[in-house]
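The structure appears right after this line, and notes come after that.
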Amino acid sequence: MRIGMIGCGNIGKSIINAIQNNIIECELVAILDKIPKNVPDLDSGGKSEVEVTAQFSKFLSCDFDLVIESASQQAVREYGIKILESKRDLMIMSTGALTDLDLFEEMKEIAKKNNLKIYLPSGAIAGVDGLKSAGVAHIDSVTITTKKNPMSLGVGMNAEIKAGRETTLYEGPAKEAVKRFPFNVNVAATLSLAGIGLEKTRVKVIADPSIEENIHQIHVIGDFGEFKTEVKNIPSPENPKTSYLAALSAIATLKKITEPIQIGT
Ligand SMILES: NC(=O)c1ccc[n+]([C@@H]2O[C@H](COP(=O)([O-])OP(=O)(O)OC[C@H]3O[C@@H](n4cnc5c(N)ncnc54)[C@H](O)[C@@H]3O)[C@@H](O)[C@H]2O)c1
């Protein structure tokens, strides 16, 4: 599989490492980054040079089958449709862009017409596989509770937080949460798209001064019964805003695409 990558920050660099260490069997052909100096020196390993550019037209003229977006929601809005129209599969990390349901539907239509795939990795959460299975029958409720240290939430110290207690900052539909808490937008978007949508998926955001990790708990109730997951995410060393599991999930999705045996829903 020949790959083009948009965005070479924390997640992009982790994917490059995985390709260079043969964890994923594919060839990196081109990288688009608005700051090309973010791209590390690449050892071509005897293969042809990787095209590194800040120009989308130059990037798109390269010969690849799949584009990995690991840049920003802006990049999805700017390039997503053009990539699909050029008949390339697309993997999206900035899934928050797809809370614009018109954009989501348009991309889905083009992918269907051109017989392409759009991959949305699970990212920083666990339970997307179970949620997809549950969705084949009826789902009653999906709730994600995100707990973070108030410092990483960027919120002021009220009396509760100062006293070291957990404080609920928001409880309501994902549709509103993605507007009020941009840091949560990707996980809320992925979960909503995999399950019962932005209006029905519930989000709870809690500031907890006693924790360092970013915690995501998911609770799903449906015809199948009930499940709960909890991930305590360690921030990536290079970008504390990105959970390490999100970068690993991008790599695992690429492995799934390239390997003959598909495990998991
Ligand atoms: N799905 C999830 O659970 C999940 C988890 C973590 C991060 N993310 C998202 O994945 C994306 C990448 O995360 P990261 O930690 O690697 O970010 P990062 O800030 O470390 O790197 C982003 C890179 O993309 C480049 N870039 C940004 N916008 C661009 C554009 N329009 N055109 C070209 N290049 C552009 C930047 O110059 C930078 O080099 C972010 O949008 C982030 O919110 C998703």
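The values are calculated or read from the model by the stated rules, or taken from the named source; none is laboratory data. Quick caveat: nothing in here was measured; it's all calculated off a predicted structure. Note that each Cβ is placed from the backbone with ideal geometry, even for glycine, and that neighbours are counted across all protein chains shown.
Of the residues making up region 212-229, those that are of a type in the set (Asp, Glu) and in contact (Cβ under 8 Å) with a residue 60 or more places away in the chain are 212, 223.
Of the strands (runs of 3 or more DSSP E) entirely within region 168-265, none holds at least 2 residues that are on the phi > 0 side of the Ramachandran plot.
Applying a threshold of 9 Å to beta carbon distances and a minimum spacing of six or more residues, or different chains, the list of pairs starting in region 238-265 at a residue that is free of Cβ contacts under 8 Å to residues at least 40 places away in the same chain and aromatic (Phe, Trp, Tyr) and ending at one that is assigned to a loop (DSSP other than H, G, I, E, B) and away from the ligand (no atom under 16 Å from the Cβ) is empty.
Exactly one residue out of 72, 57, 61, 86 is of a type in the set (Ser, Thr, Tyr) and within 28 Å of residue 240 (Cβ to Cβ), and it is 72. For region 128-167, a residue qualifies if it is exposed (fewer than 13 other Cβ atoms within 10 Å of the Cβ) and part of a strand (DSSP E or B), and exactly one does: 140. Of all residues assigned to region 82-92, none qualifies as being of a type in the set (Gly, Ala, Ser) and within 12 Å of the ligand (Cβ to nearest atom). Does residue 2 satisfy the condition of being more than 9 Å from the ligand (Cβ to nearest atom), more than 30 Å from residue 197 (Cβ to Cβ), at pLDDT 95 or above and in contact with a strand residue (DSSP E or B) (Cβ under 7 Å, 6 or more places away or on another chain)? Yes; evaluated as a whole, the condition is true for this residue.
Scan region 63-79 for residues that are over 19 Å from residue 35 (Cα atoms) and either surrounded by fewer than 20 Cβ atoms within 10 Å (Cβ to Cβ) or within 12 Å of the ligand (Cβ to nearest atom) (or both) and the total you get is 2.
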